[in-house]
1. From the backbone phi of the stretch A:160-174, what are the Karplus-calculated ³J(HN,Hα) couplings (6.51 cos²θ - 1.76 cosθ + 1.60, θ = phi - 60°) in whole Hz, Gly and Pro given as x?
2. Return the sequence-ordered ³J(HN,Hα) values of the stretch A:97-106 in whole Hz as given by the Karplus equation 6.51 cos²θ - 1.76 cosθ + 1.60 applied to θ = phi - 60°, using x for Gly and Pro.
3. Return the distance in nm (one decimal) between the two label points of a simple spin-label model at A:Ala273 and A:Met258, each offset 7 Å from Cα along Cα→Cβ.
4. Hey, what does the equivalent ellipsoid look like for the protein assembly as shown, semi-axes from the Cα gyration tensor as sqrt of 5 times each eigenvalue, largest first, whole Å?
5. Among the aspartates and glutamates, which fall within straight-line cross-link reach of A:Lys158, defined as a Cα-Cα distance under 13 Å, with same-chain neighbours fewer than 8 residues apart omitted?
6. In degrees from 0 to 90, rounded to the nearest 10, what is the angle of the helix A:212-221 Cα long axis to the longest principal axis of chain A?
7. For helix B:37-47, report the angle its Cα long axis makes with the longest principal axis of the Cα atoms of chain B; keep it between 0 and 90° and round to the nearest 10°.
8. Would you calculate the separation in nanometres between label points at B:Glu5 and A:Phe76, each defined as 7 Å from the Cα along the Cα-to-beta-carbon direction?
Amino acid sequence: MPLCSANCGSNAILKRPKTGDALCKECFFEAFENEVHFTITKARLFEPGKTVAIAASGGKDSTVLAYVLKLLNEKFKYNLKLVLLSIDEGITGYRDDSLDTVKKNRDDYEMPLKIMSYKDLYGWTMDEIVAEIGRKNNCTFCGVFRRQALDRGANLLKVDYLATGHNADDIAETVLMNILRGDLARLNRCTSIITDSGDGIPRVKPLKYTYEKEIVMYAYFRKLIYFSTECVFAPNAYRGHARVLLKDLEKIDPSVIMNIIQSGESLKVNETANMPTLTKCSRCNYVSSQTVCKACVLLEGLNKGLPRLGIGKSSKVKRILEENEKKNCDSTSCCRTNNCKKDIEGVEKCTDKLSSVNLIK
Amino acid sequence: MSNLEITIEFGGGAELLFDNKKAHNVSLPIKNKQWIIGDLLLWIKENLLKDRPELFLQDDSVRPGILVLVNDADWELMDTVNYVIQPKDKILFISTLHGG
């Protein structure tokens, strides 16, 4: 058994993927925590006196994030107020169990917890959505809805920051995926440690440079309780090609993770590249690259019995939406398009109806 | 000579591949050569793994993303698949691939 590289005399328990160092338990804890602290201070993630919502799923990343933020907040006197924010997608046998883990985090770490449900936000649980659309594109709904749900939760809680548990492996995977998809807009922003959804609440990623291996090892040696299972609707959804590729590469040389992140950070998209401009959704006011945001399109599909509406190309969606609205205009029930704005009453009716479905009650 | 008695544990979601059972006390038959973890992986495939071996094994090792700890220490410090198993060893497999 090798000795700790920090020359403390103890036996090493872990080989660090980032540096190759062999560290003992105590030196590993110190290195892990100090690096997160360094990331937070170098990027000036938080201002003292502010409130941070930690997006908590009960999984390994958010559990470690909550634990470490609490520890660093006390140790380095960040003077932050920490709260937990969880999303209940309404998936029986999956989220109900992991929410129990989050509730345990709430008690262990003495942080207030807010749970927002898809049912309250959108009128649909994932169980109901799957019953409607089957198991093929359900992850699209869940992913789109979750992002907005976190932002809406952060708004409701009036917090100053929303911290997510994205780790280095996640970010490298996202960079790869955006390259594979040719998604320049996302490629351009996916490595940012702070992003803004347009609502003034920055999203921050304190674990951006932390390897997944170290997060799992940290949770294990700190004996943190986290929930690990597969979503009942997407067994093996994690086996995306980008993920498999990345894990295979990481096995050969763990530094590929940092190299990919660094490449993503250093990339500058050619000025002549065609980039979508961000605007606000005309229905729910959420930041969007289309007139109507993806969540509202998916929701309209569900509510009108056309669940596949938001799956596929946005140009096709636009056409179907316009056709629908034209039909609706004729029957004067609901109207939104420019060429029939004269029907002001209709517009108002429509907006009210949508916001009651869409916004937090 | 008696068998080689060890404990195998699964965590982080890896237990889902083994009937959700986290700890297995196993007795490995004595053979001509010493037992290394590489042999143990094949033994697990034959004796414990129910189905979908590709979610646990890849080539001659575990699938990338599954961590292995021998007596609570990273197997990467111990030559991974070539580690010679000792009596009463605790060998833990933790998946990092499962979400929350």
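Readers should treat all values here as calculations from the given coordinates under stated rules, not as data from a laboratory. Note that the coordinates shown come from a computational prediction; the quantities given were computed from them, not determined experimentally. For neighbour counting, all protein chains shown are included, and Cβ atoms are generated from backbone atoms with ideal geometry for every residue, glycine included.
1. Karplus values, whole Hz, x for Gly and Pro: 9, 9, 10, 9, 10, x, 4, 9, 4, 5, 4, 5, 4, 4, 5.
2. Taking θ as phi minus 60°, the curve returns 6, 6, 5, 4, 5, 4, 5, 5, 4, 3 Hz for the stretch A:97-106.
3. For A:Ala273 paired with A:Met258, the spin-label model returns 2.5 nm.
4. Calculated on Cα positions only, the semi-axes equal 45, 25, 21 Å.
5. Within the straight-line limit of under 13 Å, A:Lys158 reaches these aspartates and glutamates: A:Asp199.
6. So the helix axis and the longest Cα principal axis differ by about 60 degrees.
7. Result, in degrees: 70.
8. 4.8 nm
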